[in-house]
Amino acid sequence: MDIQKKKILIIEDEHDAFTALAMVLKSHGYEVSGAPDGEEGLKKFRKEKPDLVILDVGMPEMNGWEVLQRIKAGFFSRKVPVIMVTGMAGEEDKVRGYNYGADYYVTKPYDMDRLLPVIKGML
């Protein structure tokens, strides 16, 4: 599948963080959509069937941990890579993320030059 066809869903409640990330991803040819909270994120995930999810942890309504668990509980959806992006930098938070099924865990602020190759590799 051509890179232009790859869909990335960003579930992030901070508008500026979403906008900056979406802009960079779009400039690299990805199709990007977003959701401001976990509930809306899961709805979009089911409807749009993205190729990759970038997921914040601390959000209203439903936090990223719960969203991650729901995505990874599905037979087909568990194969979709999920990158956790969060301000939670503790080792126990990273372990929790990987135990819940995260494919990659990065803390804010993050370097896009380091994240882009990870995204490309997962897709």
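Brief remarks on what is shown
- Considering region 1-16, and only residues there that are touching a residue at least 60 places away in the same chain (Cβ under 8 Å) and either buried (at least 18 other Cβ atoms within 10 Å of the Cβ) or among the charged types (D, E, K, R) (or both), the residue that is farthest from M122 (Cα to Cα) turns out to be E12.
- Selection from region 106-123 of residues that are among the aromatic types (F, W, Y) and exposed (fewer than 12 other Cβ atoms within 10 Å of the Cβ): none
- Verdict on P36 being farther than 19 Å from Y110 by Cα and either at pLDDT 95 or above or crowded, with 17+ Cβ neighbours inside 10 Å (or both): yes
- On the stretch given as region 26-37, residues that are under 18 Å from T86 (Cα atoms), of a type outside the set (D, E) and more than 11 Å from the chain's Cα centre (by Cα) total 1.
- Residue that is without any contact (Cβ under 8 Å) to a residue 60 or more places away in the chain and on the phi > 0 side of the Ramachandran plot, where the choices are K43, K49: K49
- Just one of the listed residues (E48, E66) is surrounded by fewer than 17 Cβ atoms within 10 Å (Cβ to Cβ), out of contact with any strand residue (DSSP E or B) (no Cβ under 7 Å at 6 or more places or on another chain) and among the charged types (D, E, K, R), namely E66.
- Residues in region 63-113 that are touching a residue at least 24 places away in the same chain (Cβ under 8 Å) and of a type in the set (S, T, Y): S77, T86, Y100, Y110.
- Reported count of residues in region 6-49, each being in a helix (DSSP H, G or I), closer than 22 Å to M62 by Cα and of a type outside the set (G, A, S), is 14.
- Filtered residue count, region 64-112, keeping only those that are within 24 Å of D16 (Cα to Cα), part of a helix (DSSP H, G or I) and either at pLDDT 90 or above or of a type in the set (S, T, N, Q) (or both): 5
- If only residues of region 18-33 that are in contact with a helix residue (DSSP H, G or I) (Cβ under 7 Å, 6 or more places away or on another chain) and β-branched (V, I, T) are counted, the one that is surrounded by the fewest Cβ atoms within 10 Å (Cβ to Cβ) is V24.
The values are calculated or read from the model by the stated rules, or taken from the named source; none is laboratory data. All values derive from a computational prediction rather than experimental measurement. We place every Cβ from the backbone using ideal geometry, glycine too, and count neighbours over all the protein chains shown.
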